[in-house]
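Working notes for the structure below.
What follows draws every value from the coordinates through simple rules; no lab data is involved. The model shown is predicted, which means the values in this text are computed figures rather than measured ones. Positions of Cβ are backbone-derived with ideal geometry, glycine not excepted, and every protein chain shown enters the neighbour counts.
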Amino acid sequence: MTADTIADVVLLLVLVGAGVLLVWCARATAPGRLGRNQLAGIRTATTLASDEAWRTAHRAARPLSEAAGWVLVAAAPALFLVGDEAGLVVVLVATGLTLALTIGGLVVGTRAVRREADRSR
């Protein structure tokens, strides 16, 4: 096995692992199975204010957060379908898209909490 093949396998495992972790986190935080914490999820002053704020934010963000994880999972096998230079492009595009979806989830979730707070006043 060449060094390039080993690097590709390691990158594949990292992408799949990170993607699966994002999907799991999105699915666990939305219903509140994974509660407020300082390690995983949308951790802002707004979302950490209460258990209800945490669940509201993660329910709203779940589609985008889950999509971010699936992007990484889908990008992993693409590394073996394209050449080395194109593989770098796949990783960069997948990483950029994952970042955009994650930030989108943060924004959507935080706004959902603020809307709920405005309604309850």
If I stretch the segment between V10 and E85 completely, what's the gain in nm (0.36 nm per residue apart, minus their alpha carbon distance), one decimal? 25.3 nm
Output the 0 to 90 degree angle, nearest 10, between the alpha-carbon long axis of helix 84-119 and the longest principal axis computed from the alpha carbons of the chain. 0
Once both axes come from the Cα atoms, what is the angle between helix 51-81 and the longest principal axis of the chain, in degrees from 0 to 90, rounded to 10? 10
Regarding the range 3-119, what is the average projected area of its C-alpha convex hull, in nm²? 7.2
Can you give the angle from 0 to 90° between the axis of helix 3-29 and the longest principal axis of the chain, with both taken from C-alpha atoms, to the nearest 10? 20
With label points built 7 Å along Cα→Cβ from the Cα atoms of L99 and R111, find their separation and express it in nm. 2.2
How many nm separate the modelled label positions at R33 and W70, each set 7 Å beyond the Cα in the direction of the Cβ? 1.8
Would you calculate the separation in nanometres between label points at R59 and D118, each defined as 7 Å from the Cα along the Cα-to-beta-carbon direction? 1.8
